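The values are calculated or read from the model by the stated rules, or taken from the named source; none is laboratory data. All values derive from a computational prediction rather than experimental measurement. Because the Cβ atoms are built from the backbone with ideal geometry, glycine has one as well, and the counts that use them run over all protein chains shown.
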Amino acid sequence: MLKRYMWWLHTRWPAGTVEKLPEVGTDGATAIPGIRVVGDLAGIPLLKFSADTGARAVQAILREPDFTPGGNTLDLAIIGAGVSGIAAALEAKKAGLRFQVFEAVQPFSTIVNFPKGKPIYTYPTDMTPAGQMRFRASVKEALLDELEAQRRAAGIEPVTLRIEKIERVGDVFQIAPNVRAKRVIVAIGRSGNYRKPNVPGEDLDKVYHRLYDPKEYAGRQCLV
Ligand SMILES: Cc1cc2nc3c(=O)[nH]c(=O)nc-3n(C[C@H](O)[C@H](O)[C@H](O)COP(=O)(O)OP(=O)(O)OC[C@H]3O[C@@H](n4cnc5c(N)ncnc54)[C@H](O)[C@@H]3O)c2cc1C
């Protein structure tokens, strides 16, 4: 199934061109030691795989011989509070790491912008992702509720900040002024992020910050 999905995804999607993705090795490893890439950005845009890769990346960091938690510098910075970033955070919390999640918009922002009442498919059905994040819901709203409940129960509060660059400084990484971390997990997905217009009404149920499928609104009155 995965093979057919990847074939469709990379050759048959509407844009018609193959999207470039970062080269990612086992457990999200990249060409830069200390930086791992997880979730959709690692290649398979499905909820369960995103959670799985997030948790596995943290487990791999814990196994790195030269990783020494503790001290004033963050052990881990997680960029992006989507499914993969929060799955990584749950694992970091369990391991007692000193970590922070940085989110440009709001937690699970990609899912927040799924169309109202969207059915949720948790393929592969027989897969149990690594880590603690679990998916039981079958529609968007229930999915958001259960993910937010898991995040809150673990006391994970992302800092609202769009990270623009990661710079190596000695043996740590600078990701924002005054923010340094020994390890970085990039969990920014592939949906980009939107800027809200900051006007009254923007949080109404009928307002979306992204258009996924124009067909859903055919024949209806829309303001773009
Ligand atoms: C319309 C739609 C329907 C889908 N339906 C399903 C489904 O039914 N079943 C299924 O299994 N999968 C589905 N998916 C796929 C699923 O949503 C993704 O696999 C999952 O959300 C990926 O999680 P992620 O954490 O990698 O990325 P995302 O969920 O995209 O999260 C990335 C987060 O990073 C933040 N971010 C981005 N850039 C920065 C930055 N520079 N600094 C700080 N934060 C940043 C974003 O704001 C966002 O919150 C669907 C996807 C879409 C778009």
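Please work out if T110 is modelled with pLDDT under 95, in a helix (DSSP H, G or I) and hydroxyl-bearing (S, T, Y).
On the way: modelled with pLDDT under 95: yes; in a helix (DSSP H, G or I): yes; hydroxyl-bearing (S, T, Y): yes.
So T110 passes the test.
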Inter-residue pairs, beta-carbon under 7 Å, first more than 17 Å from A55 (Cα to Cα) and in region 121-138, second more than 11 Å from the ligand (Cβ to nearest atom) and modelled with pLDDT of 95 or more, 6+ apart: R136/E146; A137/E146
Number of the condition not met by Y123 [criteria: (1) closer than 29 Å to D203 by Cβ; (2) near the ligand (Cβ under 9 Å from one of its atoms)]: (1)
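This table checks each residue for (1) over 22 Å from E167 (Cβ atoms); (2) surrounded by 15 or more Cβ atoms within 10 Å (Cβ to Cβ); (3) without any contact (Cβ under 8 Å) to a residue 40 or more places away in the chain.
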residue	(1), (2), (3)
T53	yes, yes, yes
S84	yes, yes, no
L90	yes, yes, no
Q106	yes, no, no
Residue count for region 207-224, restricted to those that are in a loop (DSSP other than H, G, I, E, B) and closer than 14 Å to F114 by Cβ: 7
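Applying the selection to region 79-126, what residues are small (G, A, S) and in contact with a helix residue (DSSP H, G or I) (Cβ under 9 Å, 6 or more places away or on another chain)? Spell out the reasoning first.
First pass over region 79-126, keeping only residues small (G, A, S): 80-82, 84-85, 87-89, 92, 95-96, 104, 109, 117.
Passing the criteria: G80, A81, G82, S84, G85, A87, A88, A89, A92, A95, G117.
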Residues of region 42-51 classified as surrounded by 21 or more Cβ atoms within 10 Å (Cβ to Cβ) and either away from the ligand (no atom under 11 Å from the Cβ) or at pLDDT below 95 (or both), total: 1
Of all residues making up region 33-83, the number that are assigned to a helix (DSSP H, G or I) and within 19 Å of F108 (Cβ to Cβ): 16
Residue pairs meeting the criteria (Cβ under 8 Å; at least 6 apart or on separate chains; first touching a residue at least 12 places away in the same chain (Cβ under 8 Å) and exposed (fewer than 10 other Cβ atoms within 10 Å of the Cβ), in region 16-41; second in a helix (DSSP H, G or I) and of a type in the set (G, A, S)): T26/A60
Given (1) modelled with pLDDT under 95; (2) among the charged types (D, E, K, R); (3) not in a loop (DSSP other than H, G, I, E, B), index of the condition D126 fails: (3)
Residues satisfying the stated conditions in region 171-192, i.e. more than 22 Å from R56 (Cα to Cα), part of a loop (DSSP other than H, G, I, E, B) and in contact with a strand residue (DSSP E or B) (Cβ under 9 Å, 6 or more places away or on another chain): D171
Cβ pairs under 8 Å, 6+ apart, first in region 200-224 and touching a residue at least 24 places away in the same chain (Cβ under 8 Å) and surrounded by 10 or more Cβ atoms within 10 Å (Cβ to Cβ), second in a loop (DSSP other than H, G, I, E, B) and not polar (S, T, N, Q): Y208/P115; H209/Y194; H209/K196; R210/Y194; Y212/F114; Y212/P115; E216/P115
Whichever residue in region 84-101 is more than 14 Å from the ligand (Cβ to nearest atom), assigned to a helix (DSSP H, G or I) and touching a strand residue (DSSP E or B) at 6+ places or on another chain (Cβ under 9 Å) and, among such residues, is nearest to A57 (Cα to Cα): A92
